[in-house]
1. Filter the range A:723-742 for residues that are in contact (Cβ under 8 Å) with a residue 24 or more places away in the chain and of a type in the set (A, V, I, L, M); which is nearest to A:Val657 (Cα to Cα)?
2. Which one of these does A:Ile215 not meet: (1) closer than 21 Å to A:Trp80 by Cα; (2) without any contact (Cβ under 8 Å) to a residue 60 or more places away in the chain?
3. For the range A:305-335, give me each residue that is open to solvent by less than 10 Å² (accessible area, probe 1.4 Å) and not hydrophobic (A, V, I, L, M, F, W, C).
4. Could you please tell me which pairs satisfy a Cβ distance under 8 Å, a separation of 6+ or placement on different chains, a first residue in the range A:58-78 that is over 18 Å from A:Tyr254 (Cβ atoms) and of a type in the set (A, V, I, L, M, F, W, C), and a second residue that is outside any helix (DSSP H, G or I) and open to solvent by 60 Å² or more (accessible area, probe 1.4 Å)?
5. Taking the range A:545-576, which residues are over 17 Å from A:Gly489 (Cβ atoms), surrounded by fewer than 22 Cβ atoms within 10 Å (Cβ to Cβ) and modelled with pLDDT of 85 or more?
6. Given the structure, is A:Tyr639 under 36 Å from the mean Cα position of the chain (by Cα), closer than 18 Å to A:Asp749 by Cα, part of a loop (DSSP other than H, G, I, E, B) and at pLDDT 85 or above?
7. Only one residue in A:Tyr337, A:Tyr332, A:Tyr425 is over 25 Å from A:Leu222 (Cβ atoms) and touching an Asp or Glu at 6+ places or on another chain (Cβ under 6 Å). Which one?
8. Please go through the range A:36-56 and give me each residue that is open to solvent by less than 20 Å² (accessible area, probe 1.4 Å) and assigned to a loop (DSSP other than H, G, I, E, B), ordered by number.
Amino acid sequence: MAEAEVISNATPSEEMNGAGNLMDFLDEPIPDVGTYEDFHTIDWLREKSRDTDRHRKIRKRRKESIWEFVKSLLDAWSGWVVMLLIGLLSGTLAGVIDLAVDWMTDLKEGVCLSAFWYSHEQCCWTSNETTFADRDKCPQWQKWAELMTGHSAGAGAYVLNYFLYVLWALFFSFLAVSLVRVFAPYACGSGIPEIKTILSGFIIRGYLGKWTLLIKTVTLVLAVSSGLSLGKEGPLVHVACCCGNLFCSLFSKYSKNEGKRREVLSAAAAAGVSVAFGAPIGGVLFSLEEVSYYFPLKTLWRSFFAALVAAFTLRSINPFGNNRLVLFYVEYHTPWYMAELVPFILLGVFGGLWGTLFIRGNIAWCRRRKTTRLGKYPVLEVIVVTGITAILAFPNPYTRRSTSELISELFNDCGAFESSQLCDYINNPNMSRPEDDIPDRPAGPGVYNALWQLALALIFKIVITIFTFGMKIPSGLFIPSMAVGAIAGRIVGIAVEQMAYHHHEWIIFKNWCRPGADCVTPGLYAMVGAAACLGGVTRMTVSLVVIMFELTGGLEYIVPLMAAAVTSKWVADAFGKEGIYEAHIRLNGYPYLDQDEFTHRTLATDVMRPRRNEPQLSVLTQDSTTVEDVEMLIKETDYNGFPVVVSRESERLIGFVQRRDLTLAIKTARQKQDGVVSNSVVYFTEDAPQLPASNPQPLKLRRILNLSPFTVTDHTPMETVVDIFRKLGLRQCLVTRSGRLLGIITKKDVLRHMAQMMNQDPGSIMFN
Amino acid sequence: MAPLSVQTGVSLVTIICLLLATQAAEAKNSEDIRCKCICPPYKDIEGQIYNQNVSLKDCICLHVVEPMPVEGKDVEAYCLRCECKYEERSSGTIKGTIIIYLSVLGLLLLYMVYLTLLEPILKRRLFGHSQLIQSDDDVGDQQPFANAHDVLSRSRSRTNMLNKVEHAQQRWRRQVQEQRKSVFDRHVVLS
């Protein structure tokens, strides 16, 4: 608003002064004014008003010529075009990642002789040699030992396969960590805590850059295929946001406005989850519930569009060959019974406990990494963890394969066609017809065998995931969390099923399980467990249930999933309010104002600077400061902005000017504008007064002055101030008493104050 | 900055279009469809898997299970238990993706090796030991992006375009170095 006013006022005053070059200087925008420095927070209000100005200008011009009209149309459409491009690119990248992971994971075990680019399943896709008993064996696919020694069985082959499995895993993870280290250190981790912070208005330059995009995509494949206990979902959100940022730079509407850019990034996050889980609606809700800070309705529609395009693109690539977007898509229609809610809620409790354990353990470990010597050896750490993971994972068939495949098997219901160990039920020879489904049958030795292997896998996953998440490679935690829950759920499911079989006479089973009828679906328990564990870690509820519901495509399981998700949230919240992402944000001290209520009774005057015994606030006056004074002020202080007052005596506030803008404006003026010397007076008023010719040329800076800074009175409760900061996304707020400027409250002060009130170390908050 | 990003954007869109096009072209490939019938054990016949190259409408047990292991009236009973699934894949996309991925990975590895191993050696060859010690002092061996490019660009005269590329590259290196410092050394972000 301020700028528009200045623009309309500029011409007459310039003519009055008769200074041509001054007018030039004012007409062309100073480069970089309005941008932010690295690790600073943006001022949402300013971004919004700048966008309104821009929009108004375009609307005004559209009547002038056809070209301007076309330009205005393009501008109106650019949001949707960006969404389309984001959807296309993130869908394609997700497809590439899926295909490459599929191939590379199998590369640890063997190779396809007919075409090296096929994974195990693709290799045997057209083969007619597969048999019912050994369904995934075909002569084209050879394990390494078979290829090298010619023997496919025996101790020697096992050891050789084991050795090569570990070697490949180490090789992949070493490549991943070195690529991250050399080309894009920001590509490590899951990225969601940082994206959350960025969306709340923080600047991390290069975090969403092209190199980060490239390296994260490439190393994500390596990290996932190395068999580490990590998933691709979180990093895919980061990848999608990088795509969003990339396409933002094509349109000045988004590239020049940090607030508008964040709207695009919110939508990109939705597209990321949409392709990660094949759940477009879940993705939009995830963006709304978990990552976004400012989410207007317009963004909701655009996110939905981006998520749909992304899902469609991935679907047309068809990476899993099942016409689905995820490997562990399931489809069952067996009903569930009221009494089953009890085990579902128990699973919810387990999920909550797991969430608490994981968050506590992982944060403790990450803090160690951050503060002790451990952090000095990122490459070694990755290698060691990969080594341990691979060595422990290989002997157990449930941990050897990729985690997605494991989840897929656990989710699946045992049909007559399943060959897996989990479906080894004893057929009753007395039955006239062999069963189509496998309801109500005693478990065979295979199931018991699978149970203890699963129990071992559960312990292994729980422990190793705590140490894996946060290493310096791309790592997400959705998949490992879901795996933990799915294993626990499947174990509970089988237990309930066998109980129902052996104790038909119990009252609860009497109505529920008639002999011969299908009554317990262990796969459903696995799914509920997965939802509970994911909910315990991330504290999502609505989006989680929708994602799970989109995975199954059945509305009838909403109630079990909701019960588990809500229970897990309650249990986990009882032990600690923060989800894993908030915990990581706090660990790193990012300036993130969370949505929790502030309940302490402090006043603005307790928080504002300067405090009672501190020197006075550094201010500028509107018409009596010289360029030299300003430069001195900039040199001596490190404040990010200065209030402008009428005069030092009256201290009446007229506006606020950002340090960066001030520095740039003075620098530009000194270079381009003749007559601006150290003695020139800086004017923030509308018109510079007529000066005698002997005086040096004045410098008009009203253009960079924010005329509508937010003010509160000194007796405003902090509760309100925190609310203002949170809802309006302010960067700073000035405190006045009866119109006189008293002090300033910055976002940093608010965050420090909140940390202090919660008995945390206020110095840990990162802020420049 | 802006034209560069336009270029990247355009090239990315081209890649997407190419991928989609290859996929569309390859979809008709006869290798890429199958109808797989899994038949569980029936009476004394063992379970079996049948795999045929037939279109979606022919993907029923009667067409796919050949030779039929049972006679006459049992055929219907046998076929009821079989589960037939029609599946499609695109072998072209798989091949293309894996090859593109591997070549990108390979290029990155080569560049990495160049930056970490070859460049310090080249630098040593070109400028002898004195400067090496100097630049080693302020960056150390740990940092693959030593100030080599400062030195290199000073010593040679390049054309304008090359200078620009050099400049961009140098800026990128500085950024990466900054990132590395904040992630690996100071642990302020992403820990």
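The values are calculated or read from the model by the stated rules, or taken from the named source; none is laboratory data. In this text, all values refer to a predicted model and were calculated from it rather than measured experimentally. All Cβ positions, glycine included, derive from the backbone under ideal geometry; neighbour counts span all protein chains shown. Note: accessible area is taken over every heavy atom of the protein model, side chains too, but ligands, DNA and RNA are not part of it. Shrake-Rupley method; radii C 1.70, N 1.55, O 1.52, S 1.80 Å.
1. Top of the filtered list is A:Leu734.
2. Exception for A:Ile215: condition (1).
3. Those that are open to solvent by less than 10 Å² (accessible area, probe 1.4 Å) and not hydrophobic (A, V, I, L, M, F, W, C): A:Thr313, A:Pro319, A:Gly321.
4. Partner pairs satisfying both residue conditions: A:Phe69/A:Arg62; A:Phe69/A:Lys63.
5. A:Glu550, A:Trp570, A:Asp573, A:Ala574, A:Phe575, A:Gly576
6. For A:Tyr639, the condition - under 36 Å from the mean Cα position of the chain (by Cα), closer than 18 Å to A:Asp749 by Cα, part of a loop (DSSP other than H, G, I, E, B) and at pLDDT 85 or above - is not met.
7. A:Tyr332
8. Of everything in the range A:36-56, those that are open to solvent by less than 20 Å² (accessible area, probe 1.4 Å) and assigned to a loop (DSSP other than H, G, I, E, B) turn out to be A:Tyr36, A:His40, A:Ile42, A:Asp43.
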